[in-house]
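Data first, discussion second: the structure below is written as C-alpha cells.
The values are calculated or read from the model by the stated rules, or taken from the named source; none is laboratory data. On a predicted model such as this, the values are computed, not experimentally measured, just so you know. Cβ sites come from the backbone with ideal geometry, for glycine too, and all protein chains shown count toward neighbours. SASA here: full protein model, heavy atoms, side chains in, ligands and nucleic acids out. Shrake-Rupley method; radii C 1.70, N 1.55, O 1.52, S 1.80 Å.
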Amino acid sequence: LSPFFKSPMVDGGYDVADHCAVDPVFGTLDDFDALVAEAHRRGLRVIVDLVVNHTSDQHPWFLESRSSRASAKRSWYVWRPGRDGGPPNNWCSEFGGPAWTYDPATDEWYLHSFAPQQPDLNWDEPAVEAAMHEVMRFWLRRGVDGFRVDVVHKIGKDPLLRDNLGTFVGPSHHRPGHRFDEDWPSVHPRLRRMRRVVKEFGERMMVGEVYLLDQAAMAMYVRWDDELDLAHNFHFMNLPWSADLVRTAICELDRLLEPRGWPTWCLNNHDHPRVASRYPGEAAARLSAVLLLTLRGTPFLYQGEELGLRDGAIPEEQRVDVAGRDPARCPLPWEPPSVAGPGAGFTAGRPWLPIAPDAETRAVARQLDDPQSVLSLYRTLLALRRREPALRVGSMAVFEGTGPVLVYRREVPTASLLVLLNFDGQPATVRAADVGRPAIRGTIEASSTMDDLGRGVDAPEVELGPFEGLVLREA
Ligand code: NOJ
C-alpha cells in the first residue's frame, strides 16, 4: 500500500503529517484493520509504505522544530545557518532547485531532499530513530506483514554536510552528484536496528527503495536477517530495452549479492513511465511479463502492468503530482468507460486522475475472457510460477553469446525450464549448442503470445518471432 497516512498530499502522501493515522480520504484505522483482516483471511499479506527520511512540514514534530531555535525538537530536522547569503551547501532537491528552504522566523535553513513541504528528518538524532521505531511497532502490532521503506538510502548523510561534487562518479558510486547526501555508511547500522524491531514480531519483511543506480552499492543493503530482505533494483528498472544490458545486469547482481541475498525484479512503479509506453508497446509488456515472472528472485508488479496499460494523458488542469509522474498513476480500469461510465469501475464518482485512454480496450473486464490477452498471460505465468519450484527456488544459469535473445535455465533436481526472450523486433534463432544440449527438446509451458501452449519441441534450433518469449519445460 502506498502511503495512506494523514497528509496534506503535496507528494502523493509521501508528506506524512501523522504516521499513525489514516488520512480521511482513504478511511479510518478501523477500515485499515478490516482490510488487513480480510486480506489475511484470503492468504494475502499486506506491506505498507514507511516514509522515514522526511515528514510533512505540517507534522507536529516539524511545527515544533521550526517554532524556535531552542525548541526541544530543533535537532529532529536538519537546520543550518546560510552560507554567503544562500543555502548552507550545494545539495539539490530531487524535485529540482536547492534542497534548502530559508525560514525567516528563526533565520536558518532546513533541508528537504524532496519538496520544501517535506523536511528531512535528522537521523543523526537518536530520538528520531527511536520515534520511527515506535511508528514501525504501531503498524506491526496492527498486523502488517512488512514495510516498503521509502528512499531508505537517504537516512544516512554526511554529518559534515559537505558540498556534493558536481559530476563526481567514483569507482563504485551510483549517482553522479550525490556523494554526500545519501548512502552514507551510517545507513547500515540504522537498517540493522530497524531489522531488530521487525524481528520482535516474527516473520515480517522489509523491502527498501534503495534508489542507487549502481548494483554494487544497492546490494550492500540486502543482508538476510540483518538489514533488508529485498531492495528494489533501479539500475535494472532504468535499463534501455536490450537483451545484452539485461543479461549483464542479472549476472552482475548474482555476483554482488551475499550468498543468501535474494534478488528483486521490477520494471514499473508509480514514479516511472510504464513499460508499454517506454519500451516497444504491448510486445514489450508481454516479454517483460515472462522475464519478471521467470527470473530468480521476487518480482514486483505495479497496478495496470498486468493489463499492458500505457501512460495516461493528463490535461494541465488535472495534474496532481509535483514532479510530473501522473501519467503512470492513472487508476486501474476494471471496466471499459463505455460500459461503466467515466470512472471505469474504479469509482462511481470522479476519478482522482483521468482514466488512461486505452482503458476502453485494456480494462480488466475486456481481458478476463480473452485467452490471448496480457492479463491471461500474467495469470498463466503466475500459475506456472506457483506450481513450479524451479521458477521459485531453482538455480539460474544465464547463457552468453545468444545475441538479442536472453536465455536462461531455471532448475531443480526434478525439473528444468528454459526461458528464451527475444528482445529484437526481428525473428531470432537459438541453437541447441547455445544452451549446452544436443537438441532443444521439451514442452511449451508459457509463451508471450499465448500461442502454442503445450506444444512439443524437438529440434536443433528454435526460431523466435519478434519480441517473442517462451518458457520450455525440458524433456
Ligand atoms: C519515493 C516515492 O516512490 C516517491 O513517489 C516520492 O516522491 C519520494 N520517495 C519521496 O518520498
Calculated FRET value between residue 20 and residue 382, using beta carbons and R₀ = 30 Å, to 0.05: 0.30
Any idea what angle helix 281-294 forms with the longest principal axis of the chain, computed on alpha-carbon atoms, 0 to 90 degrees, nearest 10? 90 degrees
Using only protein heavy atoms and a 1.4 Å probe, report how much of residue 30 is accessible, in Å² to the nearest 10. 110 Å²
Among residues other than residue 430 whose Cβ falls under 9 Å from its Cβ, what is the net charge (Lys/Arg +1, Asp/Glu -1)? -2
Between residue 397 and residue 34, what is the label-to-label distance in nm when each label sits 7 Å out along the Cα-to-Cβ direction? 5.4 nm
Report Rg (one decimal) and Dmax (nearest whole number) for region 34-190, counting Cα atoms only, units Å. 17.5, 60
Gain in length, residue 450 to residue 203, computed as 0.36 nm per residue apart minus the alpha-carbon separation, to one decimal in nm? 85.2 nm
Extension gain from residue 458 to residue 368, taking 0.36 nm per residue of separation minus the Cα-Cα distance: 29.1 nm
Compute the FRET efficiency between residue 44 and residue 352 as 1/(1 + (r/R0)^6), taking r as their Cβ-Cβ distance and R0 = 30 Å, and round to the nearest 0.05. 0.80
Where does helix 29-41 land angle-wise versus the long Cα axis of the chain, in degrees 0 to 90, nearest 10? 20 degrees
What order, most packed first, do the peptides 339-346, 83-90 have when packing is the mean number of other Cβ atoms within 10 Å of each residue? 339-346, 83-90
Measuring from label point to label point, each 7 Å out along Cα→Cβ, what is the residue 432 to residue 262 span in nm? 3.7 nm
Evaluate the distance, in nm, between pseudo-label points positioned 7 Å from the Cα of residue 80 and of residue 125 along their respective Cα→Cβ axes. 1.6 nm
Could you work out the helix-only [θ] at 222 nm for the chain, with each DSSP H run of four or more residues adding -39,500 (n - 2.57) and the total divided by the number of residues, to the nearest 500 deg cm²/dmol? -7000 deg cm²/dmol
Taking Rh as the Kirkwood radius computed over alpha-carbon pairs of the chain and applying Stokes-Einstein at 25 °C with viscosity 0.890 mPa s, one gets a diffusion coefficient in µm² s⁻¹ of 102 µm²/s
For the pair residue 141 and residue 412, what calculated FRET efficiency results from E = 1/(1 + (r/R0)^6), where r is the Cβ-Cβ distance and R0 = 35 Å, to the nearest 0.05? 0.40
Rounded to the nearest 10 degrees, the helix 374-387 long axis (Cα) sits at an angle to the longest Cα principal axis of the chain of 90 degrees
